[in-house]
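A short worksheet on the structure shown next.
We did not get these values from a lab; they are worked out from the coordinates using the rules stated. No experiment lies behind these values; they were computed from the predicted model shown.
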Amino acid sequence: MEWFLPCLYAFLGCGAFCFIFELRRWWYIVSAAATGTVAWLVYLSLPGLTDVNRYLLATIAAAALSEIFARLYKTPATVFLIIGIIPLVPGGGIYYTMEALINGDLSLFVRHGMETAASAGAIAVGCSLVSSVSRLTTAARRRRWIRQGASAAGSGPTAGEAKDKKGHEG
């Protein structure tokens, strides 16, 4: 029960951002809000780790889910990813960093600033990591599919191999 309400709030908050970003289809709204909910659930379920590691793993979960929804709905992953990481954005850290700066407490400013920058960096690294892995696996699958298609056509020359260097068929 202690995780239910925060995850419900994450779902509702992400759903509200769907309207701000003008997502019209209800399955996009539910999927994007579910992405944010899963990200927040992963973050909450890892209390033994440091905040940076929690942010990184939660972002990896959100980005992976965004890539899955992108393939299912044939739409860019950023539609789901941007909304899915909204619960993870370190807004409180930014606020406390600026408050310490305005109050003139430089040591607290540096501490909060470093924590906030590390959290934001973990979010960026998680997004980049999943996006890169997704692109690499898609490219590898595409290359394998092309090779299998060429070998399935037979052992004879393909259309490009049937011509010599001058373009004459041989």
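Using 0.36 nm per residue, how much length does the chain from residue 22 to residue 68 gain when fully extended, once their Cα-Cα distance is taken away?
Contour length minus the Cα-Cα distance gives 14.5 nm.
Per the helix-only calculation at 222 nm, which mean residue ellipticity applies to the chain, given -39500 (n - 2.57) for every DSSP H run of n ≥ 4 and division by its residues, nearest 500 deg cm²/dmol?
For the chain, the value works out to -25500 deg cm²/dmol.
How much length is gained if the chain between residue 46 and residue 140 is pulled fully straight, taking 0.36 nm per residue apart and subtracting their Cα-Cα distance, in nm to one decimal?
30.5 nm
Rounded to two decimals, what is the ratio between the C-alpha radius of gyration of the chain and 2.2 N^0.38 Å?
1.50
Need the C-alpha centroid separation for the range 114-148 versus the range 78-107, integer Å.
A separation of 24 Å, based on Cα centres.
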